[in-house]
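Engineer: Have a look at this one before I ask anything.
Just so it is clear, none of the values below were taken in a lab; they were calculated from the coordinates. Note that the structure is predicted; figures quoted are calculated from it, not measured. Cβ sites come from the backbone with ideal geometry, for glycine too, and all protein chains shown count toward neighbours.
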Amino acid sequence: MTNQRSAALQYAHENSDRFLEELKDFVAIPSISTDPERKADLQQAADWVAQQLRDTGIQNVKVMPTGGHPVVYGESLSAGETAPTVLIYGHYDVQPADPVDLWKSGPFEAEVRGDNLYGRGATDMKGQVLASIKAVEALARNGALPVNLKFLIEGEEEVGSPNLGKFIREHKELLACDVALNPDTGMIAPDKPTITYGLRGLAYFEVRVYGPDHDLHSGVFGGTVHNPAQALCELIAGMHDSNGHVTLPGFYDKVRDLEEEERAELSRLGVNEAVYLDQTGAPALWGEPEYAPIERTGARPTLEVNGFLSGFVGEGGKTVLPSKAMAKISMRLVPDQDPEDVHEQLLQYLADNASNAIRYEVDKMVGSPASISDRNSSYVKAMEDAMEAVWNSKPLFKREGGSVPVVGQFQEILGVESVNTGFALPDDNMHSPNEKLHLPTWYRGIDALINFFLNLEG
């Protein structure tokens, strides 16, 4: 172990209490990007990250405007032209905390209970952002940084990063790098370090169905006027067959087949049906029977209803035939699927199946492609060795069911691959009440990142 490696690891261990206090301050900022009333909180979070970078010794730190919430940029290029340049990605925005009454402590109180820090954004992904910064701090306080670094920390990931693609294109030269580090994924268990090499894309829509021009008495008009709520339910029900296959025309045309070697690698994760049942509390699993659950959630496309609204939903009864109904529908996409193609497939499905007794509208809200990385690159190898040094166990490779649009944008615009890792755990309640971060895993994550940067030195 080099002197800088051992010194940096010791520094991280000795300063772990301070790191935690700073993370608590970060989590306490209610930076909810979907809420327009939180604009000042988003700015506060961006400024907080910028100050962290300055305190670490990062140069040229800027809080840069976009069409929405700002991007935080910073760089350290002192390692020289022969050293690789790593672009570290992250986001400081968080999901809404609703339903707040299900939290055991306030969502922005950042409370430690046992081995966990509870608070919205603790694991997704303020903890991951700060782990990256603190790994750099530990190295910078104990020698020269072994690689060149650039930071890109955005504030709109939780609303689909609508302005990030434009920002990357407009600042392509500023963001030029050899590889990106994206710590916005996670591990399958505290003792199983994990590298994510595939991320699904996302297509998100709002479908609105209209019938009569105003709500009607269901006794007077029921059975004569087609109920928009029923019509939309019928359309949604037809979007899957009885085995869970999506029925939109052409939906699977570009989906890559899974190779047997990759299926064997995914099976090593040990995430079987019992694991999913335990994590979800569902009475049984559902989906394409020819694929294992781990394959369905990472390597197969999906269509889900995320919300439905129609008619009277208050206390008591009201016999109304509603004039309209709305559903929010998302598709998780896999490599080679195009969000624009999926949009056209949805429109064609509705044209083929909608009753002439209703009219409908479709709003395309978010579209981002899937991404897949080379598991055998030198950068992935550097992370693999770093994790093995900390956990004394070779990391597992997985495809992630969620979406991180920036990974595909880095591939498309900057022409670089991403090393996708992170230290979130499946039971961290990401996007749910009582979100948490497992602190022993977080501290190990900082150690792994220290090793990763040093491993890139060659």
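Engineer: Mind listing the phi-derived Karplus ³J(HN,Hα) values for the range 45-56, rounded to whole Hz, using 6.51, -1.76 and 1.60 with θ = phi - 60°, and x for any glycine or proline?
Structural biologist: After applying 6.51 cos²θ - 1.76 cosθ + 1.60, I find 5, 4, 5, 5, 4, 4, 5, 4, 5, 4, 5, 7 Hz.
Engineer: Along the charge dipole of the chain, pointing to its positive end and built from +1/-1 on Cβ of Lys, Arg, Asp and Glu, which listed residue (Ser368, Asn451, Ile294) has its Cα farthest out?
Structural biologist: Of the listed residues, the answer is Asn451.
Engineer: With a cut-off of 8 Å between alpha carbons and a minimum separation of six or more residues, what is the relative contact order of the range 212-336 in percent?
Structural biologist: Value for the range 212-336: 39 percent.
Engineer: Please give me the summed charge of the neighbours of Ser393: other residues whose Cβ is under 15 Å from its Cβ, Lys and Arg +1, Asp and Glu -1.
Structural biologist: 0
Engineer: With θ taken as phi - 60° and the coefficients 6.51, -1.76 and 1.60, list the Karplus ³J(HN,Hα) couplings across the range 427-432 in order, rounded to whole Hz; mark glycine and proline as x.
Structural biologist: 9, 7, 6, 4, 6, 10
Engineer: Which value does Rg/Rh take for the chain over its C-alpha atoms, Rh per Kirkwood?
Structural biologist: 1.00
Engineer: To the nearest 20 debye, what is the magnitude of the charge dipole of the chain about its Cα centre, counting +1 on the Cβ of each Lys and Arg and -1 on the Cβ of each Asp and Glu?
Structural biologist: Roughly 460 debye for the chain.
Engineer: A further question on this structure: Percent relative contact order of the chain, based on C-alpha pairs within less than 8 angstrom and at least six residues apart?
Structural biologist: Reported relative contact order: 25 percent.
Engineer: Counting other beta carbons within 10 Å of each residue's own, what order do Lys126, Lys39, Lys318 fall into, fewest first?
Structural biologist: By the 10 Å Cβ count, ascending: Lys318, Lys39, Lys126.
Engineer: When we measure straight from the Cα of Lys24, which lysines land under 26 angstrom away, once same-chain ones fewer than 8 places off are left out?
Structural biologist: Lys39, Lys62, Lys104, Lys126, Lys134, Lys150, Lys192, Lys436
Engineer: With θ taken as phi - 60° and the coefficients 6.51, -1.76 and 1.60, list the Karplus ³J(HN,Hα) couplings across the range 365-370 in order, rounded to whole Hz; mark glycine and proline as x.
Structural biologist: Here the 3J(HN,Hα) series is 9, 9, x, 8, x, 6 Hz.
Engineer: List every residue whose amide H lies under 5 Å from the amide H of Leu396, counting only residues 5 or more places away in sequence or on a different chain, with H placed 1.01 Å from N in the peptide plane.
Structural biologist: Under 5 Å from the amide H of Leu396: Thr194, Ile195.
Engineer: When Cys177, Cys233 are ordered from fewest to most other Cβ atoms inside 10 Å of their Cβ, what list results?
Structural biologist: Cys233, Cys177
Engineer: Something else about it: Enumerate the amide H contacts of Leu216 below 5 Å, restricted to partners 5 or more residues apart or on another chain; note that Pro and chain-start residues carry no placed amide H.
Structural biologist: Distant-sequence amide H within range of Leu216: Leu321, Ser323.
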